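K.L.:
Can you read through this structure? Questions will come right after.
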Amino acid sequence: MAHRLALATLVATCVLILLGGLVTNTGAALAVPDWPSTFGHNMFLFPWSGMVGGIFYEHSHRLIGAVVGLLTLGLAAALWPLGSRLRRLGLLAAIVVLAQGLLGGLRVVLLQDTLAIFHGSLAQAFFALLAAIALLTTPRGAVAGPPVERELQGLTLLAAGLVYAQIVFGALLTHAGRVDLHLAGAVAVFVVVPIVTARLRRTGDAVAVPVSRLILVLLGIQLLLGVGSFLARFSSLWIPGEQLTVLLLPVAHRLVGSLILAATVILAVRSVAAAEKEAEQEKRSRQATDRALTIHDRGDRTPRSHAASLSGHPRYEPTSRLPLQ
(Lines give C-alpha, C1' and ligand atoms only; values in the text may rest on other atoms or scores of the structure.)
Protein backbone atom coordinates (compact mmCIF):
# COMPACT_ATOMS: atom_id res chain seq x y z
CA MET A 1 0.00 0.00 0.00
CA ALA A 2 2.70 2.49 1.01
CA HIS A 3 4.80 1.69 -2.06
CA ARG A 4 1.90 2.15 -4.47
CA LEU A 5 1.02 5.43 -2.79
CA ALA A 6 4.64 6.56 -3.01
CA LEU A 7 4.70 5.77 -6.74
CA ALA A 8 1.41 7.63 -7.29
CA THR A 9 2.77 10.67 -5.46
CA LEU A 10 6.00 10.46 -7.44
CA VAL A 11 4.15 10.36 -10.78
CA ALA A 12 1.85 13.22 -9.77
CA THR A 13 4.88 15.28 -8.75
CA CYS A 14 6.49 14.55 -12.11
CA VAL A 15 3.38 15.95 -13.82
CA LEU A 16 3.52 18.93 -11.47
CA ILE A 17 7.14 19.65 -12.41
CA LEU A 18 6.18 19.41 -16.08
CA LEU A 19 3.37 21.91 -15.57
CA GLY A 20 5.68 24.14 -13.56
CA GLY A 21 8.06 24.22 -16.51
CA LEU A 22 5.22 25.17 -18.83
CA VAL A 23 4.13 27.91 -16.43
CA THR A 24 7.64 29.35 -16.35
CA ASN A 25 8.42 29.09 -20.05
CA THR A 26 5.06 30.43 -21.23
CA GLY A 27 5.32 33.39 -18.87
CA ALA A 28 2.13 32.32 -17.11
CA ALA A 29 3.52 32.47 -13.57
CA LEU A 30 1.41 35.51 -12.74
CA ALA A 31 -1.55 34.77 -15.01
CA VAL A 32 -3.64 34.35 -11.85
CA PRO A 33 -2.91 37.42 -9.71
CA ASP A 34 -4.36 36.25 -6.38
CA TRP A 35 -3.74 33.40 -3.96
CA PRO A 36 -5.06 31.13 -2.48
CA SER A 37 -8.17 32.12 -4.43
CA THR A 38 -8.35 32.26 -8.23
CA PHE A 39 -9.82 35.55 -9.44
CA GLY A 40 -11.83 35.65 -6.22
CA HIS A 41 -13.18 32.11 -6.64
CA ASN A 42 -12.46 29.16 -4.44
CA MET A 43 -9.52 27.49 -6.17
CA PHE A 44 -11.42 24.23 -6.60
CA LEU A 45 -14.58 25.92 -7.88
CA PHE A 46 -13.06 28.15 -10.54
CA PRO A 47 -15.06 27.60 -13.78
CA TRP A 48 -13.37 25.55 -16.47
CA SER A 49 -14.55 28.04 -19.06
CA GLY A 50 -12.16 30.58 -17.58
CA MET A 51 -9.11 28.36 -18.00
CA VAL A 52 -7.73 29.82 -21.20
CA GLY A 53 -4.25 30.92 -22.21
CA GLY A 54 -1.82 31.34 -19.35
CA ILE A 55 -4.61 30.85 -16.81
CA PHE A 56 -4.91 27.25 -17.97
CA TYR A 57 -1.26 26.50 -17.19
CA GLU A 58 -1.16 28.38 -13.88
CA HIS A 59 -4.46 27.13 -12.51
CA SER A 60 -3.76 23.55 -13.62
CA HIS A 61 -0.46 23.82 -11.78
CA ARG A 62 -2.31 24.83 -8.62
CA LEU A 63 -4.83 22.01 -8.91
CA ILE A 64 -2.18 19.33 -9.46
CA GLY A 65 -0.22 20.85 -6.58
CA ALA A 66 -3.23 20.35 -4.33
CA VAL A 67 -3.49 16.73 -5.48
CA VAL A 68 0.19 16.18 -4.70
CA GLY A 69 -0.31 17.72 -1.27
CA LEU A 70 -3.19 15.38 -0.45
CA LEU A 71 -1.29 12.36 -1.75
CA THR A 72 1.73 13.32 0.35
CA LEU A 73 -0.33 13.60 3.52
CA GLY A 74 -1.82 10.18 2.77
CA LEU A 75 1.67 8.81 2.16
CA ALA A 76 2.90 10.18 5.48
CA ALA A 77 0.00 8.46 7.23
CA ALA A 78 0.74 5.17 5.43
CA LEU A 79 4.43 5.35 6.39
CA TRP A 80 3.77 6.12 10.05
CA PRO A 81 3.47 2.48 11.25
CA LEU A 82 6.37 1.19 9.11
CA GLY A 83 9.27 2.08 11.38
CA SER A 84 11.13 5.13 12.57
CA ARG A 85 13.09 5.81 9.37
CA LEU A 86 10.10 5.73 7.02
CA ARG A 87 8.03 7.60 9.58
CA ARG A 88 10.58 10.42 9.62
CA LEU A 89 10.77 10.50 5.83
CA GLY A 90 6.99 10.67 5.55
CA LEU A 91 6.84 13.49 8.06
CA LEU A 92 9.60 15.34 6.21
CA ALA A 93 7.73 14.93 2.91
CA ALA A 94 4.57 16.38 4.47
CA ILE A 95 6.49 19.38 5.83
CA VAL A 96 8.23 20.01 2.50
CA VAL A 97 5.04 19.83 0.44
CA LEU A 98 3.32 22.32 2.75
CA ALA A 99 6.31 24.65 2.56
CA GLN A 100 6.33 24.27 -1.21
CA GLY A 101 2.69 25.30 -1.48
CA LEU A 102 3.34 28.31 0.72
CA LEU A 103 6.35 29.36 -1.38
CA GLY A 104 4.29 29.10 -4.55
CA GLY A 105 1.58 31.29 -3.08
CA LEU A 106 4.03 33.88 -1.77
CA ARG A 107 5.64 34.02 -5.21
CA VAL A 108 2.30 35.24 -6.58
CA VAL A 109 1.56 37.64 -3.74
CA LEU A 110 5.02 39.17 -3.25
CA LEU A 111 6.15 39.10 -6.92
CA GLN A 112 9.69 38.04 -5.99
CA ASP A 113 11.85 36.10 -8.47
CA THR A 114 13.97 34.87 -5.58
CA LEU A 115 10.96 32.98 -4.28
CA ALA A 116 10.53 31.41 -7.71
CA ILE A 117 14.11 30.09 -7.52
CA PHE A 118 13.49 28.61 -4.07
CA HIS A 119 10.14 27.23 -5.21
CA GLY A 120 11.63 25.43 -8.20
CA SER A 121 14.64 24.13 -6.27
CA LEU A 122 12.54 22.80 -3.41
CA ALA A 123 10.26 21.02 -5.88
CA GLN A 124 13.24 19.05 -7.18
CA ALA A 125 14.37 18.14 -3.67
CA PHE A 126 10.85 16.97 -2.88
CA PHE A 127 10.82 14.81 -6.01
CA ALA A 128 14.13 13.21 -4.99
CA LEU A 129 12.77 12.57 -1.49
CA LEU A 130 9.77 10.77 -2.96
CA ALA A 131 12.10 8.65 -5.10
CA ALA A 132 14.00 7.60 -1.98
CA ILE A 133 10.75 6.71 -0.21
CA ALA A 134 9.57 4.71 -3.23
CA LEU A 135 12.85 2.77 -3.15
CA LEU A 136 12.75 2.05 0.57
CA THR A 137 9.17 0.80 0.44
CA THR A 138 9.98 -1.93 -2.10
CA PRO A 139 11.04 -5.40 -0.91
CA ARG A 140 14.22 -5.17 -2.96
CA GLY A 141 15.02 -1.65 -1.83
CA ALA A 142 14.44 -2.47 1.82
CA VAL A 143 17.23 -5.08 1.69
CA ALA A 144 20.71 -3.58 1.61
CA GLY A 145 22.89 -4.48 -1.34
CA PRO A 146 26.48 -5.72 -1.38
CA PRO A 147 28.99 -3.64 0.59
CA VAL A 148 30.62 -0.69 -1.15
CA GLU A 149 33.85 1.08 -0.41
CA ARG A 150 33.67 4.16 1.76
CA GLU A 151 35.19 6.19 -1.08
CA LEU A 152 32.46 5.05 -3.47
CA GLN A 153 29.81 5.88 -0.92
CA GLY A 154 31.19 9.41 -0.73
CA LEU A 155 31.22 9.66 -4.52
CA THR A 156 27.55 8.71 -4.76
CA LEU A 157 26.67 11.44 -2.28
CA LEU A 158 28.84 13.88 -4.20
CA ALA A 159 27.14 12.94 -7.47
CA ALA A 160 23.67 13.54 -6.04
CA GLY A 161 24.81 16.85 -4.57
CA LEU A 162 26.30 18.00 -7.87
CA VAL A 163 23.16 17.12 -9.80
CA TYR A 164 21.04 19.05 -7.33
CA ALA A 165 23.40 22.02 -7.46
CA GLN A 166 23.18 21.93 -11.25
CA ILE A 167 19.38 22.08 -11.02
CA VAL A 168 19.65 25.11 -8.73
CA PHE A 169 22.04 26.68 -11.24
CA GLY A 170 19.43 26.00 -13.90
CA ALA A 171 16.88 27.94 -11.87
CA LEU A 172 19.39 30.78 -11.57
CA LEU A 173 19.85 30.68 -15.33
CA THR A 174 16.10 30.85 -15.91
CA HIS A 175 15.39 33.67 -13.48
CA ALA A 176 18.73 35.51 -13.26
CA GLY A 177 20.56 34.65 -16.48
CA ARG A 178 23.55 32.93 -14.78
CA VAL A 179 24.83 30.90 -17.72
CA ASP A 180 28.33 30.53 -16.25
CA LEU A 181 27.22 28.60 -13.18
CA HIS A 182 25.04 26.27 -15.21
CA LEU A 183 27.82 25.48 -17.68
CA ALA A 184 30.32 24.84 -14.88
CA GLY A 185 27.82 22.60 -13.12
CA ALA A 186 27.24 20.64 -16.32
CA VAL A 187 30.96 19.93 -16.64
CA ALA A 188 31.14 18.71 -13.04
CA VAL A 189 28.11 16.46 -13.45
CA PHE A 190 29.34 14.92 -16.69
CA VAL A 191 32.72 14.17 -15.10
CA VAL A 192 31.65 12.75 -11.74
CA VAL A 193 28.38 10.94 -12.46
CA PRO A 194 29.71 8.59 -15.20
CA ILE A 195 32.60 7.61 -12.92
CA VAL A 196 30.17 6.75 -10.13
CA THR A 197 27.89 4.75 -12.41
CA ALA A 198 30.83 2.82 -13.88
CA ARG A 199 32.03 1.77 -10.44
CA LEU A 200 28.56 0.88 -9.21
CA ARG A 201 27.90 -1.31 -12.24
CA ARG A 202 30.80 -3.49 -11.13
CA THR A 203 29.21 -4.13 -7.72
CA GLY A 204 26.52 -6.38 -9.17
CA ASP A 205 23.85 -4.75 -7.00
CA ALA A 206 20.34 -5.58 -8.21
CA VAL A 207 19.23 -1.95 -7.84
CA ALA A 208 22.36 0.09 -8.51
CA VAL A 209 23.29 -1.62 -11.79
CA PRO A 210 20.08 -0.91 -13.77
CA VAL A 211 19.75 2.57 -12.25
CA SER A 212 23.34 3.36 -13.27
CA ARG A 213 22.61 2.31 -16.84
CA LEU A 214 19.47 4.43 -16.87
CA ILE A 215 21.44 7.45 -15.68
CA LEU A 216 23.85 7.15 -18.59
CA VAL A 217 20.95 7.13 -21.05
CA LEU A 218 19.37 10.13 -19.33
CA LEU A 219 22.68 12.00 -19.38
CA GLY A 220 22.92 11.54 -23.14
CA ILE A 221 19.38 12.83 -23.63
CA GLN A 222 20.02 15.69 -21.23
CA LEU A 223 23.11 16.78 -23.13
CA LEU A 224 21.13 17.04 -26.36
CA LEU A 225 18.28 18.88 -24.64
CA GLY A 226 20.70 21.24 -22.93
CA VAL A 227 22.46 22.15 -26.16
CA GLY A 228 19.12 22.63 -27.89
CA SER A 229 17.79 24.81 -25.06
CA PHE A 230 20.94 26.93 -25.08
CA LEU A 231 20.79 27.48 -28.84
CA ALA A 232 17.07 28.23 -28.71
CA ARG A 233 17.53 30.92 -26.09
CA PHE A 234 20.93 32.43 -26.80
CA SER A 235 21.42 32.09 -30.55
CA SER A 236 19.67 33.22 -33.71
CA LEU A 237 19.85 29.81 -35.37
CA TRP A 238 16.69 28.51 -36.95
CA ILE A 239 15.25 25.57 -35.00
CA PRO A 240 12.67 23.15 -36.44
CA GLY A 241 9.29 23.66 -34.87
CA GLU A 242 10.15 27.24 -33.97
CA GLN A 243 8.08 28.49 -31.02
CA LEU A 244 6.80 25.07 -29.98
CA THR A 245 10.32 23.65 -29.92
CA VAL A 246 11.62 26.69 -28.07
CA LEU A 247 8.94 26.08 -25.44
CA LEU A 248 9.30 22.32 -25.11
CA LEU A 249 13.10 22.04 -25.08
CA PRO A 250 13.70 23.72 -21.69
CA VAL A 251 10.63 22.03 -20.20
CA ALA A 252 11.91 18.60 -21.24
CA HIS A 253 15.41 19.59 -20.10
CA ARG A 254 14.08 20.41 -16.64
CA LEU A 255 12.07 17.19 -16.44
CA VAL A 256 14.98 14.95 -17.44
CA GLY A 257 17.11 16.77 -14.87
CA SER A 258 14.55 15.78 -12.25
CA LEU A 259 14.81 12.14 -13.31
CA ILE A 260 18.61 12.23 -13.15
CA LEU A 261 18.44 13.73 -9.66
CA ALA A 262 16.00 11.06 -8.49
CA ALA A 263 18.21 8.30 -9.92
CA THR A 264 21.41 9.62 -8.33
CA VAL A 265 19.63 9.98 -4.99
CA ILE A 266 18.53 6.35 -5.28
CA LEU A 267 22.17 5.35 -5.81
CA ALA A 268 23.25 7.42 -2.82
CA VAL A 269 20.57 5.92 -0.58
CA ARG A 270 21.52 2.46 -1.78
CA SER A 271 25.22 2.95 -1.06
CA VAL A 272 24.54 4.43 2.38
CA ALA A 273 22.29 1.47 3.23
CA ALA A 274 25.04 -0.94 2.14
CA ALA A 275 27.58 0.91 4.28
CA GLU A 276 25.23 0.81 7.27
CA LYS A 277 24.74 -2.93 6.78
CA GLU A 278 28.49 -3.49 6.67
CA ALA A 279 29.00 -1.36 9.79
CA GLU A 280 26.29 -3.31 11.61
CA GLN A 281 27.92 -6.61 10.66
CA GLU A 282 31.29 -5.38 11.91
CA LYS A 283 29.68 -4.24 15.15
CA ARG A 284 28.08 -7.64 15.70
CA SER A 285 31.36 -9.37 14.93
CA ARG A 286 33.19 -7.22 17.48
CA GLN A 287 30.50 -7.87 20.08
CA ALA A 288 30.74 -11.63 19.51
CA THR A 289 34.53 -11.47 19.83
CA ASP A 290 34.28 -9.43 23.02
CA ARG A 291 31.83 -11.91 24.53
CA ALA A 292 34.13 -14.82 23.67
CA LEU A 293 37.12 -13.08 25.25
CA THR A 294 35.11 -12.23 28.35
CA ILE A 295 34.05 -15.86 28.81
CA HIS A 296 37.65 -17.00 28.29
CA ASP A 297 38.97 -14.51 30.85
CA ARG A 298 36.40 -15.59 33.41
CA GLY A 299 37.42 -19.21 32.90
CA ASP A 300 41.08 -18.37 33.54
CA ARG A 301 40.23 -16.59 36.78
CA THR A 302 38.18 -19.51 38.21
CA PRO A 303 39.94 -20.85 41.42
CA ARG A 304 41.26 -24.36 41.16
CA SER A 305 39.59 -25.36 44.43
CA HIS A 306 36.25 -24.12 43.12
CA ALA A 307 36.76 -26.01 39.89
CA ALA A 308 37.63 -29.16 41.81
CA SER A 309 34.54 -28.93 43.97
CA LEU A 310 32.42 -28.51 40.89
CA SER A 311 33.97 -31.63 39.40
CA GLY A 312 33.03 -33.73 42.44
CA HIS A 313 36.59 -34.46 43.61
CA PRO A 314 37.56 -33.65 47.19
CA ARG A 315 39.79 -30.71 47.63
CA TYR A 316 43.30 -31.64 48.78
CA GLU A 317 44.09 -30.28 52.22
CA PRO A 318 47.72 -30.61 53.30
CA THR A 319 48.15 -32.13 56.79
CA SER A 320 49.86 -30.02 59.37
CA ARG A 321 53.25 -31.17 60.54
CA LEU A 322 53.62 -32.48 64.09
CA PRO A 323 56.18 -30.69 66.15
CA LEU A 324 59.41 -32.63 66.67
CA GLN A 325 59.81 -34.12 70.11
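K.L.:
For region 12-60, give me each residue that is of a type in the set (Ser, Thr, Tyr), within 22 Å of Leu110 (Cβ to Cβ) and free of Cβ contacts under 8 Å to residues at least 40 places away in the same chain.
P.N.:
Correct list: Ser37, Thr38, Tyr57.
K.L.:
Separate question: Return the only residue of Ala186, Ala142 being on the phi < 0 side of the Ramachandran plot and at pLDDT 95 or above. First the steps, then the outcome.
P.N.:
Working: Ala142 fails: at pLDDT 95 or above.
That would be Ala186, the only listed residue that is on the phi < 0 side of the Ramachandran plot and at pLDDT 95 or above.
K.L.:
Among the numbered criteria (1) out of contact with any helix residue (DSSP H, G or I) (no Cβ under 7 Å at 6 or more places or on another chain); (2) at pLDDT 95 or above; (3) small (Gly, Ala, Ser), which single criterion is violated by Gly69?
P.N.:
The failed condition is (1).
K.L.:
Something else about it: Could you grab me the full set of residues in region 83-115 that are in contact with a helix residue (DSSP H, G or I) (Cβ under 6 Å, 6 or more places away or on another chain) and over 28 Å from Glu58 (Cα atoms)?
P.N.:
Hits for region 83-115 are Leu86, Arg87, Leu89.
K.L.:
Something else about it: Would you confirm whether or not region 142-154 contains a residue that is in contact with a His (Cβ under 6 Å, 6 or more places away or on another chain), more than 11 Å from Ser271 (Cβ to Cβ) and assigned to a loop (DSSP other than H, G, I, E, B)?
P.N.:
Checked against the condition, which is being in contact with a His (Cβ under 6 Å, 6 or more places away or on another chain), more than 11 Å from Ser271 (Cβ to Cβ) and assigned to a loop (DSSP other than H, G, I, E, B), region 142-154 yields no hits at all.
K.L.:
Taking into account only those residues within region 74-85 that are without any contact (Cβ under 8 Å) to a residue 24 or more places away in the chain and assigned to a helix (DSSP H, G or I), which is farthest from Ala2 (Cα to Cα)?
P.N.:
Ser84
K.L.:
Of the residues Arg199, Arg254, which single one is crowded, with 19+ Cβ neighbours inside 10 Å, in a helix (DSSP H, G or I), of a type in the set (Lys, Arg) and assigned by TED's automatic domain parsing to the domain that holds Ala273?
P.N.:
Arg254
K.L.:
Can you tell me which residue within region 86-128, out of those that are free of Cβ contacts under 8 Å to residues at least 60 places away in the same chain, over 20 Å from Ile64 (Cβ atoms) and crowded, with 16+ Cβ neighbours inside 10 Å, is nearest to the chain's Cα centre (by Cα)?
P.N.:
Leu89
The values are calculated or read from the model by the stated rules, or taken from the named source; none is laboratory data. For clarity, every value in this text was computed on a predicted model and none was experimentally measured. Using ideal geometry, Cβ is built from the backbone for each residue, glycine included, and neighbour counts are taken over all protein chains shown.
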